[in-house]
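Here's the structure we're looking at; comments come further down.
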Amino acid sequence: MGWEDQLADGERSVLVVHPHWKTVLWPILGFIVVVLAAAVLLVIIPAGRGAALARIAVGVVVVAVLLFWFLIPLLRWRTTTYQLTTRRFRLRRGILSRSGRDFPLNRISDVSFSHGLIDRLLGTGRLTIESAGEHGQLVLTEIPDVEQVQATLFQLVEDEHQRLAREER
């Protein structure tokens with residue numbers, strides 16, 4: 001997606017993830033239910049006068065419902081990215097308009113994770129990043145392989161602190 005061209009000199013991307021697929025589970029199930037209900041409705045609409053109009057109405061309603069219950073959440077999931085680089089943690093989101101937030105690694109003071117039983121089974125969890133500065137804390141839910149992301153981020157923070165200490169000497 002062109003992440004590399006947005007990085008500073010000497011900075012490299014280490015990890016790029018999207019929220020866990022669990023976030024689109026309900027929209028996918030909703031998609032299946034809506035399509036099945038539409039198929040049943042199309043079959044039970046009796047032939048005759050007005051049948052074509054009724055079928056068109058069912059189609060329009062189904063398209064509208066699928067747009068809001070399925071397509072928008074799917075696009076929101078796909079366009080949300082978390083990127084770890086050698087210098088910062090980057091959050092990008094948005095379908096039509098984009099927003100982003102960067103946490104310089106040298107300002108991160110704590111990185112922690114948590115996950116319950118279901119999250120552990122699915123391999124997801126909550127990542128909490130504490131930063132010195134005006135924004136304070138960032139809590140991200142549905143992070144895939146959250147323990148590995150936390151460990152990688154922690155190691156990158158330590159590496160960045162060591163790099164900065166070497167530059168100060």
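Derivation of every value follows stated rules applied to the coordinates shown; laboratory data play no part. Everything numeric here is computed off the predicted structure, so don't read it as measured data. Positions of Cβ are backbone-derived with ideal geometry, glycine not excepted, and every protein chain shown enters the neighbour counts.
Over the chain, one equal point on each Cα, no solvent: what is log10 I(q)/I(0) by the Debye formula at q = 0.12 Å⁻¹?
For the requested q values the scattering log ratios are -0.67.
Would you give the gap between the C-alpha center of region 119-169 and the C-alpha center of region 36-83, rounded to a whole Å?
40 Å
Among 127, 29, 47, whose Cα lies farthest out toward the positive end of the dipole of the chain, if unit charges sit on the beta carbon of Lys, Arg (+1) and Asp, Glu (-1)?
The Cα lying farthest towards the positive end belongs to 47.
Quick one: compute the contact order of the chain, relative version, from alpha carbon pairs under 8 angstrom and 6+ residues apart, as a percent.
The normalised contact order for the chain reaches 21 percent.
Percent relative contact order of region 105-169, based on C-alpha pairs within less than 8 angstrom and at least six residues apart?
The value is 33 percent.
Which three extents, in whole angstrom, do the alpha-carbon atoms of region 54-132 cover along their principal axes, largest first?
The Cα atoms of region 54-132 stretch 61, 34, 18 Å along the principal axes, largest first.
Near the amide H of residue 7, under 5 Å away, which other amide H atoms are found, from residues 5 or more places off or on another chain, if H is placed in the peptide plane?
none
Amide H to amide H, which residues 5 or more places from residue 85 or on other chains are under 5 Å from it, using H placed in the peptide plane?
Distant-sequence amide H within range of residue 85: 14, 90.
For region 24-76, max minus min Cα coordinate along each principal axis, in Å, sorted largest first?
Extents along the principal axes: 41, 15, 7 Å.
Rank these for me by crowding, 109, 97, going from fewest to most other beta carbons within 10 Å.
Least crowded to most crowded, the residues run 97, 109.
Which part of region 85-114 falls in the paramagnetic zone of residue 137, meaning amide N under 16 Å from the point 7 Å along Cα-to-beta-carbon?
The answer is 108-114, whose backbone nitrogens lie closer than 16 Å to the label point.
Tell me, in nm to one decimal, what length is gained between residue 61 and residue 12 on full extension, where the rule is 0.36 nm per residue of separation less the Cα-Cα distance?
Numbers: separation 49, 0.36 × 49 = 17.64 nm, distance 4.65 nm.
Taking 0.36 nm per residue and subtracting the Cα distance, the gain is 13.0 nm.
Looking at the chain, which longest stretch skips every one of the GluC sites (Glu not before Pro) that is in a DSSP loop with at most 14 other Cβ atoms within 10 Å, leaving the sites themselves out?
Looking at the chain, 12-133 is the longest stretch - no exposed GluC sites (Glu not before Pro) with at most 14 other Cβ atoms within 10 Å.
For region 1-96, run through the chymotrypsin sites (Phe, Trp or Tyr not before Pro) and keep only the ones in DSSP coil with at most 14 other Cβ atoms within 10 Å of their Cβ.
In loop regions of region 1-96 (DSSP not H, G, I, E or B), the sparsely surrounded chymotrypsin sites (Phe, Trp or Tyr not before Pro) are 3.
Near the amide H of residue 145, under 5 Å away, which other amide H atoms are found, from residues 5 or more places off or on another chain, if H is placed in the peptide plane?
124
Could you tell me how many degrees, from 0 to 90 and to the nearest 10, lie between the Cα long axis of helix 25-44 and the main elongation axis, the longest principal axis, of the Cα atoms of the chain?
10 degrees
If r is the Cβ-Cβ distance from residue 74 to residue 162 and R0 is 41 Å, what FRET efficiency results, to the nearest 0.05? Don't jump to the answer; show the numbers that get you there.
Working: r = 41 Å, r/R0 = 0.99.
Efficiency, rounded to the nearest 0.05: 0.50.
What is the order of 107, 49, 78, fewest Cβ neighbours within 10 Å to most?
Starting with the residue having the fewest Cβ neighbours, the order is 49, 78, 107.
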